[in-house]
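Structure first, commentary second.
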Amino acid sequence: MTHTHLKPIHLITPFIVIVLWGMNFVVIKIGLKGIPPLLLAALRFTFVAFPAIFFLAKPKVELKWLVIYATTISFAQFAFLFSAIAVGMPAGLASLVLQAQAFFTVGLAALIFGDRLKPSNVIGIFIASLGLLLLGSASITNSATQVSVAGFGLTLCAALSWACGNIVSKKMGAVNMLSLVAWSALLPIIPFLLLSCLMDGVTVVWHSLTHISLTAVLAILYLSGAASLIGYTLWGKLLAALPTHVVAPLSLLVPVVGLTSAWLILDESLNQTQMIGAMIVMAGLLFNVFGQKLIDALRKK
């Protein structure tokens, strides 16, 4: 049963999750310094799946939906995201652009399930699109290389993949989220490893594994344990204890932590144009979540 009464743990838990997920992007950047992106993804999901699947029952969903979920959320999203950061996408900016998944999810739900778009959704998508265009053009102008274009585009592909996974999750209905995360992590390990061998070369993969640094090991443990298993477990408990409309908007704080931590730890910063673009994207995200209440209030006047 969902309760609306807030306990102290309900105030602490979202703060922990937001920090874990916001820092995730900085840790990816650090992990990629000594490990190819697809190999890092393979190692991440290896430790998400093992030993968790020995203690968690297989989620009660059809195999085809588990496979599709793993393909979109676990494989495609992180293949694109890790590759984006590897080719130069700033970690902080990636944390923000990835939030475009909210709009992709709304659009796909409208197309597939016939969900009706609210005025706040349409306006929010329009506002955020302007911000993304400004961010993209600023990135291209700054670097004048294909790296920024590729990084920005790959991050948007990651956001679309996440949105596709959200649609699959909606199709599956109620399911144990921790079990789903652990078991879906099992499927992309071999594809990630094979693709890394194909794209980076067996020699590079073997050298990366046999000469892995302590920093890389800690990064992998963070990505698998803290960001994935702990983060999703706490988030699931929040969703079970509080109304969805109270919990869901909290994810908007993830890019705030992502941008701040990237600035403090990696010395990443946005120029004035990028900052304006980032603020416009955040405004679009906020309007998508809260704008309908404002529209309804104005209509009553």
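In region 133-152, the condition of being within 18 Å of Leu252 (Cα to Cα) and either of a type in the set (Ser, Thr, Tyr) or at pLDDT 85 or above (or both) is met by no residue. Taking each residue of region 166-186 that is more than 17 Å from Val48 (Cβ to Cβ) and looking for partners that are buried (at least 16 other Cβ atoms within 10 Å of the Cβ) and among the aromatic types (Phe, Trp, Tyr) with beta-carbon atoms closer than 7 Å, six or more apart or interchain, yields Val168/Trp65; Val168/Tyr69; Lys171/Trp65; Met172/Trp65. Assess whether Ile28 counts as being at pLDDT 95 or above, open to solvent by less than 20 Å² (accessible area, probe 1.4 Å), within 26 Å of Val204 (Cα to Cα) and in a loop (DSSP other than H, G, I, E, B). No: the conditions fail for Ile28. Taking the stated definitions as given, is Phe113 at pLDDT 90 or above and of a type in the set (Phe, Trp, Tyr)? Here the answer is no, as Phe113 does not meet what is asked.
Only a single item in (1) modelled with pLDDT of 90 or more; (2) part of a helix (DSSP H, G or I); (3) open to solvent by less than 70 Å² (accessible area, probe 1.4 Å); (4) among the β-branched types (Val, Ile, Thr) is not met by Val289, and it is number (1).
For region 35-70, enumerate the residues that are closer than 23 Å to Val204 by Cα and of a type outside the set (S, T, N, Q). Break it down into steps so the answer makes sense when it comes.
Going through region 35-70, the residues closer than 23 Å to Val204 by Cα turn out to be 35-47.
Scanning region 35-70 gives Ile35, Pro36, Pro37, Leu38, Leu39, Leu40, Ala41, Ala42, Leu43, Arg44, Phe45, Phe47.
Here Lys237 meets each of (1) modelled with pLDDT under 80; (2) in contact with a Gly (Cβ under 8 Å, 6 or more places away or on another chain); (3) more than 26 Å from Leu117 (Cα to Cα) with one exception, condition (2). Here the helices (runs of 4 or more DSSP H) wholly within region 185-232 that include at least 1 residues being open to solvent by 60 Å² or more (accessible area, probe 1.4 Å), at pLDDT 95 or above and among the aromatic types (Phe, Trp, Tyr) are 202-210.
The values are calculated or read from the model by the stated rules, or taken from the named source; none is laboratory data. None of these values were measured; they are calculated from a predicted model. Cβ atoms come from the backbone with ideal geometry, glycine included; neighbour counts cover every protein chain shown. All accessible areas refer to the heavy atoms of the entire protein, side chains included, with ligands and DNA or RNA removed. Shrake-Rupley method; radii C 1.70, N 1.55, O 1.52, S 1.80 Å.
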